[in-house]
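Novice: This is the structure, below, for whatever I ask next.
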Amino acid sequence: MFDTTWVAELGADQACAMVTATQGRLRESEWRELVLAGHWATLHDGETVTGRARAGAGAGQAGAAGAGGAAGGERVVRPGGEGTPEVAEFACAELGLVMGCGFIAASSLIRDALDLQHRHPLMWQALGEGRARVWKARQVARLVHAAGLTREQAWFVERPPHRVSTRCRGRRSPGWSRPGSSRPTRTPPRSGAGARTWPGSSPPAGPTSTAC
C-alpha cells in the first residue's frame with residue numbers, strides 16, 4: 001500500500017506545489033509508457049513472424065502473404081492506420097502480460113502509439129516535450145483511426161487551425177447571414193408543390209469551409 005500519511009501535513013501552498021509536480025510526473029510517465037509500447041511494436045515487427053501469414057484486411061482472417069504460412073500460426077497485422085508498420089499478431093497479447101492488463105488495452109496502446117508516431121508527428125513531438133497529455137492525444141488518434149483517414153488526411157487534422165480558417169476569413173456563401181444579424185437570410189424561390197429550386201445553379205453548399 002502506498003503511504004499517504006504525509007498528505008495531512010501539507011499546507012495550501014505545499015499541496016499546490018505537489019499537485020503541479022505530480023502532473024509533470026504523470027506527463028512523463030504516460031509518455032514513457034507510450035514510447036515503450038511503440039518500441040515493443042518495433043521489436044515485434046512483421047519480419048519477426050516466420051511464414052509471413054497476414055491477417056485479412058478487416059476480415060480477421062489469414063491471407064497468403066507468402067508460401068509457408070501455417071494455418072493457425074501467428075500472422076502479420078497492422079494495428080495502426082495507413083502508414084504505420086506491421087506488427088506480429090501476438091505482440092499485443094505479450095505486452096498485456098508484461099503490463100498486467102488485458103489484450104484489448106495493450107492492443108489499443110500499441111495502435112495509438114503507432115498512429116501518433118507515424119500519423120500525427122506534431123502531437124508526438126508535443127507529447128515528448130511535455131506540452132500535452134497522452135490521454136487527449138490518444139482520443140484524437142482513435143477518432144482519426146475510426147474515421148478511416150489516410151496518413152495525409154491525418155496530418156491535415158493536426159494542422160494549426162489558423163492556417164485553415166484564415167483562408168476564408170470574412171467570406172460567406174451567398175444566402176448566409178451571421179447569427180444575430182439584421183440582414184435577412186436569403187431563401188430560394190418556391191415552385192410546384194412548395195419545392196425549392198435554384199435556377200441556373202445547384203443549391204449552395206453552405207460555408208466555404210467547416211473550419212471557419
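Novice: Can you name the residue in segment 133-146 that is within 18 Å of LEU36 (Cβ to Cβ) and not basic (Lys, Arg) and, of all such residues, is surrounded by the fewest Cβ atoms within 10 Å (Cβ to Cβ)?
Specialist: Keep residues of segment 133-146 that are within 18 Å of LEU36 (Cβ to Cβ), which gives 133-135, 137-138, 141.
Now narrow it down to the ones that are not basic (Lys, Arg): 134-135, 137, 141.
Working: VAL134: 21, TRP135: 10, ALA137: 22, ALA141: 26.
By that ranking, first place goes to TRP135.
Novice: Here is a further query. Here is a list: ARG32, ARG27. Which entry is in contact (Cβ under 8 Å) with a residue 24 or more places away in the chain, within 31 Å of the chain's Cα centre (by Cα), surrounded by 11 or more Cβ atoms within 10 Å (Cβ to Cβ) and under 30 Å from PHE90 (Cα atoms)? Steps first, please.
Specialist: Values: ARG32 fails: in contact (Cβ under 8 Å) with a residue 24 or more places away in the chain.
When all the criteria are applied, what remains is ARG27.
Novice: Condition test on ALA37, is it more than 29 Å from PRO79 (Cα to Cα) and of a type outside the set (Asp, Glu)? Steps first, answer last, please.
Specialist: Details: more than 29 Å from PRO79 (Cα to Cα): no; of a type outside the set (Asp, Glu): yes.
Answer is no for this residue.
Novice: Among the residues of segment 126-142, what is the count of those that are part of a helix (DSSP H, G or I) and either in contact with a Cys (Cβ under 9 Å, 6 or more places away or on another chain) or closer than 15 Å to GLU30 by Cα (or both)?
Specialist: The first filter runs over segment 126-142 and keeps only residues part of a helix (DSSP H, G or I), leaving 126-128, 134-142.
If we keep only those that are either in contact with a Cys (Cβ under 9 Å, 6 or more places away or on another chain) or closer than 15 Å to GLU30 by Cα (or both) too, we end up with 126-128, 134-139.
The total comes to 9.
Novice: Hey, can you tell me all the residues within segment 1-21 that are over 38 Å from the mean Cα position of the chain (by Cα) and either assigned to a helix (DSSP H, G or I) or aliphatic (A, V, I, L, M) (or both)?
Specialist: Of segment 1-21, the ones over 38 Å from the mean Cα position of the chain (by Cα) are 5-6, 8-11.
Passing the criteria: THR5, TRP6, ALA8, GLU9, LEU10.
Novice: With respect to HIS44, is the statement that it is modelled with pLDDT of 90 or more and over 25 Å from ARG133 (Cβ atoms) true?
Specialist: On the way: modelled with pLDDT of 90 or more: yes; over 25 Å from ARG133 (Cβ atoms): yes.
So HIS44 passes the test.
Novice: Output the residues belonging to segment 100-111 that are of a type in the set (A, V, I, L, M, F, W, C) and touching a helix residue (DSSP H, G or I) at 6+ places or on another chain (Cβ under 6 Å). Steps first, please.
Specialist: Step one: filter segment 100-111 for residues of a type in the set (A, V, I, L, M, F, W, C), giving 101, 103-106, 109-110.
Listed by number, the residues that qualify are PHE103, ALA106, LEU109, ILE110.
Novice: Mind listing just one residue for me: the one in segment 82-125 that is more than 18 Å from the chain's Cα centre (by Cα) and outside any helix (DSSP H, G or I) and, of those, surrounded by the fewest Cβ atoms within 10 Å (Cβ to Cβ)? Even if it seems obvious, please write down each step before you answer.
Specialist: Quick first cut of segment 82-125, residues more than 18 Å from the chain's Cα centre (by Cα) only: 87-103.
Going one step further and asking which of them are outside any helix (DSSP H, G or I), we end up with 87-90, 100-102.
Working: VAL87: 26, ALA88: 20, GLU89: 20, PHE90: 16, GLY100: 8, CYS101: 13, GLY102: 13.
Out of the qualifying residues, it is GLY100.
Novice: Test LEU10 against the stated conditions and say whether it is more than 30 Å from SER107 (Cα to Cα) and surrounded by 11 or more Cβ atoms within 10 Å (Cβ to Cβ). It would help to see each step written out before you state the result.
Specialist: Values: more than 30 Å from SER107 (Cα to Cα): yes; surrounded by 11 or more Cβ atoms within 10 Å (Cβ to Cβ): yes.
It is true that LEU10 is more than 30 Å from SER107 (Cα to Cα) and surrounded by 11 or more Cβ atoms within 10 Å (Cβ to Cβ).
Novice: Would it be correct to say that VAL76 is within 16 Å of LEU114 (Cβ to Cβ) and either modelled with pLDDT under 90 or part of a strand (DSSP E or B) (or both)?
Specialist: Values: within 16 Å of LEU114 (Cβ to Cβ): yes; either modelled with pLDDT under 90 or part of a strand (DSSP E or B) (or both): yes.
In short, yes.
The values are calculated or read from the model by the stated rules, or taken from the named source; none is laboratory data. What you are looking at is a predicted structure, and each value in this text was computed from that prediction instead of being measured. Cβ: placed from backbone, ideal geometry, glycine included. Neighbour counts: every protein chain shown.
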